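Beneath this line is the structure, given in structure tokens, with notes to follow.
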Amino acid sequence: MDRYSFIPARLAKEASNALLIEARLAAENGDVAIAIESAEGVRGLTRIFSDIESPTLLTGTVQMLIQLELEKRLFSDILPSLPPGSRNAAAWEALVNPQVYSPADFARLIRGDWSVTFRQWILPPILDSGELW
């Protein structure tokens, strides 16, 4: 039955929220290094969904949603909470560096969808030696 499960999107969303809260608290306390480290942790979570062998449209969507949440919270909560004089733009630039996706990236997602669909939904009934009906 494990083939009927989805990706751990909820866990990644909750973990990214916890890291963003930690980043904001660190920023409010003036600890820029911890704030950047926590935000980099969120960025790392996005890579879990993209730097895999067969990313799917679902994993790509989760990756983009977490990245958008990072960017939104960074500009609305974290950067404004930093003490004056500690806003080093170069240190934060890598976290919000927008990525332009090419048609080849989208094709990779679609191939990943096909690979997962074929492996989990098409092959099992074909290879099942028991009665299906």
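Taking the chain, how much of its Cα-Cα pair set, in percent, is spaced more than 18 angstrom apart? Kindly include the intermediate steps, with their values, before the conclusion.
Values: 5321 of 8778 pairs.
Across the chain, Cα pairs with separations above 18 Å total 61 percent.
Pick out, from A104, L82, G44, the residue whose Cα sits farthest towards the positive end of the charge dipole of segment 2-127, with +1 on the Cβ of Lys and Arg and -1 on the Cβ of Asp and Glu. Sorting the options by dipole projection puts first A104.
Under the 0.36 nm per residue contour assumption, what length would be gained going from the current alpha-carbon distance of I122 and R47 to full extension?
Values: separation 75, 0.36 × 75 = 27.00 nm, distance 2.82 nm.
Length difference between fully extended and current span is 24.2 nm.
Charges were assigned to the Cβ only: +1 to each Lys and Arg, -1 to each Asp and Glu. The resulting dipole of the chain about its Cα centre is roughly 220 debye.
Computed from the coordinates by the stated procedures, all read-outs in this text should not be read as laboratory data. On a predicted model such as this, the values are computed, not experimentally measured, just so you know. Cβ sites come from the backbone with ideal geometry, for glycine too, and all protein chains shown count toward neighbours.
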